[in-house]
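The block underneath contains the structure these notes are about, expressed in structure tokens.
The values are calculated or read from the model by the stated rules, or taken from the named source; none is laboratory data. Remember, it's a predicted structure, so these values are computed and weren't measured experimentally. Note: ideal-geometry Cβ built from the backbone for every residue, glycine included; neighbour counts use all protein chains shown. Side chains included, ligands, DNA and RNA excluded: accessible areas come from the protein's heavy atoms. Shrake-Rupley method; radii C 1.70, N 1.55, O 1.52, S 1.80 Å.
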Amino acid sequence: METRLRWTPRLAERIALALVLTLGAALALLPAIAQPQDYHLFADTRGLMLGHYALPNAADVLTSLCFAAAGAAGLSCFVRAAPAQHLPLFVFFTGLLLAGAGSAWYHLAPSDASLLWDRLAMSLGFAGAVGALATERLGPSAGRRWLLAWLVGGGLSMALWAHAGDLRLYLMAQFGGFAVMLLWCRLPPGKGMVGLPWGWLLLAYTFAKAFETFDQAIWALTDGLFSGHPLKHVTAAIGIVPILHGLRHRPGQGPRP
């Protein structure tokens, strides 16, 4: 008689740990990954006159504020989740709020120096998301472990990039976090937890990265009407809307995404 492996929170955490260690080992074997300088050359550089002030790179700057709006909205309602979920959700929404400010600052004058502040805030948001989903699906103690690990890893990744010009640890924090969250989404929310639709956020983030990659191509395809990077901002922010809806309108345990 065939025995099926039972998918449990403990097993899911062990698989996630193995996945992270494997990804980390693979990245460690690679040479240092520098920030490509052509990353700062965005397609849409049109300005916008605001009175006597010309706002540079207006589309990228203004759409960055979508993150700040989502973060502020989340901070107004995160306490509707279970108490164990409060800290990671607070970190997540605070990271979004700061990422909106950091992204807008970066796009005013794109450079490695300004991008550091953008990514530092994004690392905070990654940590909050990983910790929040771990708390919801694996339990409070697991949530605290993963939140702390991603906070420390995110901070170290920015220090490594600032001092050694190496993005490997940042890529680990970003894409490793995506991988473990995708893995945990197959689990139902734990007892007493508010189930939030993280799957929609991961889907939106996937599309957002595609828009970022094809920034110039979308600009050319639309004959200069719009480019991919502002679409990245808007799409990623839209992925947060179901999380906000889950907090505002579905108190208690919610459905799986």
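When each of the peptides 52-62, 80-90 is scored by the mean number of other C-beta atoms lying within 10 Å of its residues, the order from highest to lowest reads 80-90, 52-62.
Rounded to the nearest 20 debye, the dipole magnitude of the range 76-218 is 600 debye, with +1 charges on Lys and Arg beta carbons, -1 on Asp and Glu beta carbons, and the Cα centre as origin. Couplings 3J(HN,Hα) for the range 51-57, derived from phi with the Karplus relation 6.51 cos²θ - 1.76 cosθ + 1.60 (θ = phi - 60°), are x, 9, 10, 9, 7, x, 6 Hz, where x marks Gly and Pro. Principal axis extents of the C-alpha atoms in the range 121-171 (largest first, rounded to whole Å): 36, 15, 14. The Cα-based radius of gyration of the range 104-220, divided by its Kirkwood radius, gives an Rg/Rh of 1.02.
In a fully extended conformation the segment linking residue 45 and residue 114 would gain 23.2 nm over its present Cα-Cα distance, using 0.36 nm per residue. Apolar share of the accessible surface for the chain: 71 percent from carbon plus sulfur atoms, 1.4 Å probe.
Near the amide H of residue 48, within less than 5 Å, lie the amide hydrogens of 55, 58, all on another chain or at least 5 residues away, with H placed in the peptide plane. When Rg and the Kirkwood Rh are both derived from Cα coordinates, the Rg/Rh ratio for the range 6-57 amounts to 1.41. Using the Karplus relation 6.51 cos²θ - 1.76 cosθ + 1.60 with θ = phi - 60°, the per-residue 3J(HN,Hα) values for the range 63-68 come to 6, 4, 5, 4, 5, 4 Hz, with x marking Gly and Pro. Only Lys, Arg, Asp and Glu carry charge here, each on its Cβ (+1 for the first two, -1 for the last two); on that basis the chain has a dipole of about 1320 debye about its Cα centre. Per-residue ellipticity at 222 nm from helix content only, as computed over the chain with -39500 (n - 2.57) for each DSSP H run of at least four residues, stands at -22000 deg cm²/dmol.
Rounded to the nearest Hz, the phi-derived 3J(HN,Hα) couplings of the range 149-159 under the Karplus curve 6.51 cos²θ - 1.76 cosθ + 1.60 (θ = phi - 60°) are 4, 6, 5, 5, x, x, x, 5, 5, 6, 5, where x marks glycine and proline. Computed from label points 7 Å out along Cα-Cβ, the spacing between residue 191 and residue 10 is 1.6 nm.
Extension gain, residue 76-residue 241: 0.36 nm per intervening residue step, less the Cα-Cα distance, totals 58.0 nm.
Overall shape of the range 1-100 was characterised from the C-alpha gyration tensor. The equivalent ellipsoid obtained from it has semi-axes of 39, 26, 11 Å, in decreasing order.
State the Kirkwood hydrodynamic radius of the chain in Å, one decimal place, computed from all pairs of distinct Cα atoms. Taking every pair of different Cα atoms in the chain, averaging 1/r and inverting gives 19.0 Å. Among 119, 168, 46, the largest mean-square fluctuation in a Gaussian network model of the chain (Cα springs under 10 Å) belongs to 46.
Accessible surface for the range 76-194, divided over its residues, is 38 Å² per residue with a 1.4 Å probe.
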